[in-house]
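First comes the structure, then the notes that go with it.
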Amino acid sequence: MSRRVLMVDDEEALVWATARQMAKARPDLAFEGLTSPGEALDRIRQSPPDLLITDVRMPGMSGLELLLEARTLAPRLPVIVITAYGTAELRAQIRSRASVEYLEKPFSFPSLFAAVDRALETTMGFAGSVVLPMLPDLIQMYALSRVTGALRITRGATLGGIWFDGGQISHATCGDLKGAQAVYQLLRWEGGNFRLEPGATAPERSVSESWQELLIEGCRLLDESRQGQEPETAADAFEAGPVSEPGSPDLDPEGIPVWLRLRPLITEFAPRALVVAARPGTGASRILMGDGDPALWGRALGGLVDRAIAFTGEAPHGVFECTWANVGIAVFWSAPARIALAVVDSADGHIGVSRFRSFVTRWWLASEQELSGPATGGER
Amino acid sequence: MSEIGSVCREVVSRLDGAIACGVVDLVTGSLLGAHDRDGVMKDGLFATATTDLLGGANLARVLELGRGDATSAGPAQTLALEIRIATGTRDRYAKIFKQGEAVIVLEAERRVNVGMVWAQLKASVSRLESLVP
């Protein structure tokens with residue numbers, strides 16, 4: 001994530017020129033220029049930048065007042081003060097504060113960039129990015145490090161924040177939620193971006209529980225909610241199965257799952273057939289037509305497809321077809337799409353299954369060049 | 001060449017598009033004989049994968065479910081099963097015989113005449129019944 005530099009100066013031309021020069025000289029920085037100190041304060045309250053550049057004399061609020069307010073929100077925020085009215089007293093006042101640079105107008109852009117580099121180095125630490133599977137890992141890391149600061153988390157348009165005070169969580173927000181409920185809600189998120197603002201203090205105290213208590217309760221609630229979402233049946237598991245990517249072999253050109261498309265055709269070809277769709281390896285299964293136990297079929301088809309793939313030397317797609325007496329079973333599988341479709345026709349096994357197999361073979365495997373020729377041989 | 005291997009060679013030679021033919025003992029998982037133009041059945045894995053697919057409980061379970069008799073756990077291998085597995089490039093045909101204890105497998109190009117395949121396999125099974133221990 002780019003480091004953010006916020007500049008506020010009522011000279012609009014200077015802000016505009018700085019933005020252009022900064023984009024050329026420091027393209028890795030995210031620069032934002034404002035002309036109103038009030039607006040700048042709101043922005044800092046929303047999300048403190050990594051560096052504040054402020055003019056001193058501005059209508060409504062002076063740069064020094066802005067500095068004080070900003071430091072209340074983000075105590076370690078580095079600041080560069082620029083002014084055309086520098087005095088010995090002002091310089092002394094500014095230098096008495098930590099992490100504040102001072103530049104007199106007119107200044108050269110190289111000198112401003114050098115000041116920006118110095119200011120950002122003071123807060124650099126180790127920078128980088130990390131992908132963590134779970135938010136609790138991140139919270140635990142900051143808590144154990146006894147961090148003081150705000151952990152800003154975003155997921156889509158929703159903003160969240162957890163404020164640490166010496167490692168303990170003092171305040172949390174998530175959208176409209178606040179306090180422990182906000183932490184619990186954040187723990188439900190399965191992805192997002194985060195950014196730590198070191199030194200930021202909480203605008204209020206909304207959490208009284210220890211971070212350990214929050215994590216234990218949050219994870220318990222998370223488990224409960226996941227159990228609630230767990231498919232209870234093989235049929236539910238099938239519906240909740242992986243969403244196919246566009247171009248996946250189990251989707252037709254319009255993006256409709258083939259098994260859904262095939263249902264009316266099966267009705268035509270083998271009206272009394274039992275039709276089962278399954279996701280091999282998961283036990284998930286769904287009876288599309290006829291009566292059957294999805295759980296039993298899910299397990300049986302998964303095992304059969306695994307073995308058929310091994311038997312054919314890892315063929316990604318295939319049709320397993322067997323007939324005996326008057327019963328026919330055809331199992332179509334697509335390993336990349338993780339789907340198997342079984343048609344069992346006990347009324348007219350040979351004819352129904354053969355017609356259905358011919359149809360599916362043409363449709364499902366048509367992309368394979370080897371199948372683009374005329375149909376092979378006669379039917380049994 | 002064993003007599004079983006000779007039967008397999010005849011099957012391959014009589015079918016335009018046939019690539020290999022082999023006979024597997026589904027009880028022991030061993031390859032009893034084969035004629036192979038492409039090396040697909042010489043690999044020890046072939047007999048193992050064949051036994052796993054055609055002699056294992058999974059196929060039996062699918063057949064029982066298909067028969068609408070999910071509660072009976074009787075072995076489905078006793079059925080004289082004919083199985084065809086089509087993949088993108090080749091087809092495999094299998095005919096189980098000797099009360100489910102052996103299988104003859106034919107690998108062929110997709111252009112092979114399916115009716116001729118089954119006719120050849122049925123004819124060979126009558127000869128193999130006495131050759132398979």
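Could we say that B:VAL117 is under 15 Å from B:LEU31 (Cβ atoms) and either touching a His at 6+ places or on another chain (Cβ under 8 Å) or not in a loop (DSSP other than H, G, I, E, B) (or both) here?
No.
Would you be able to tell me the number of residues in the stretch A:18-39 that are touching a residue at least 12 places away in the same chain (Cβ under 8 Å) and closer than 18 Å to A:VAL116 by Cα?
The total comes to 13.
Residues checked against (1) in a strand (DSSP E or B); (2) surrounded by fewer than 17 Cβ atoms within 10 Å (Cβ to Cβ):
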{"site": "A:ARG20", "(1), (2)": "no, yes"}
{"site": "A:ALA23", "(1), (2)": "no, yes"}
{"site": "A:ALA40", "(1), (2)": "no, no"}
{"site": "A:ILE53", "(1), (2)": "yes, no"}
{"site": "A:ALA70", "(1), (2)": "no, no"}
{"site": "A:ALA114", "(1), (2)": "no, yes"}
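Any idea how many residues of the stretch B:15-26 are under 18 Å from B:ALA94 (Cβ atoms) and either of a type outside the set (Val, Ile, Thr) or loosely packed, with under 15 Cβ neighbours inside 10 Å (or both)?
8
Quick one: is A:GLY38 over 23 Å from A:THR201 (Cα atoms) and not acidic (Asp, Glu)?
no
Among the residues of the stretch B:84-102, count how many are surrounded by 23 or more Cβ atoms within 10 Å (Cβ to Cβ) and away from chain A (no Cβ under 11 Å).
Qualifying residue count, the stretch B:84-102: 1.
Go through the stretch A:296-311 and give me each residue that's surrounded by fewer than 24 Cβ atoms within 10 Å (Cβ to Cβ) and small (Gly, Ala, Ser).
A:GLY302, A:GLY303, A:ALA310
Would you point out the residue of the stretch B:64-90, among those that are modelled with pLDDT of 75 or more and among the small types (Gly, Ala, Ser), that is nearest to B:GLY100 (Cα to Cα)?
Restricting to residues being modelled with pLDDT of 75 or more and among the small types (Gly, Ala, Ser), the top hit is B:GLY66.
Tally the residues that are within 12 Å of the chain's Cα centre (by Cα) and either without any contact (Cβ under 8 Å) to a residue 60 or more places away in the chain or within 8 Å of chain A (Cβ to nearest Cβ) (or both), restricting the search to the stretch B:118-133.
Summing the residues that are within 12 Å of the chain's Cα centre (by Cα) and either without any contact (Cβ under 8 Å) to a residue 60 or more places away in the chain or within 8 Å of chain A (Cβ to nearest Cβ) (or both) in the stretch B:118-133 gives 3.
B:ALA60 versus (1) within 12 Å of chain A (Cβ to nearest Cβ); (2) within 16 Å of the chain's Cα centre (by Cα); (3) modelled with pLDDT of 90 or more: which is the lone unmet condition?
(3)
Please work out if A:ALA315 is under 40 Å from the mean Cα position of the chain (by Cα), modelled with pLDDT of 75 or more and under 24 Å from B:TRP118 (Cα atoms).
no
Can you say whether A:ARG91 is under 19 Å from A:VAL5 (Cβ atoms) and part of a helix (DSSP H, G or I), as far as the supplied structure shows?
Against the criterion (under 19 Å from A:VAL5 (Cβ atoms) and part of a helix (DSSP H, G or I)), A:ARG91 does not qualify.
If you take just the helices (runs of 4 or more DSSP H) that sit entirely in the stretch B:1-70, which of them hold at least 2 residues that are over 23 Å from B:ALA123 (Cβ atoms)?
B:44-54, B:57-66
The values are calculated or read from the model by the stated rules, or taken from the named source; none is laboratory data. From a predicted model like this one, the values you see are computed outputs, not experimental measurements. Please note: Cβ atoms are built from the backbone with ideal geometry, for glycine as well, and neighbour counts cover all protein chains shown.
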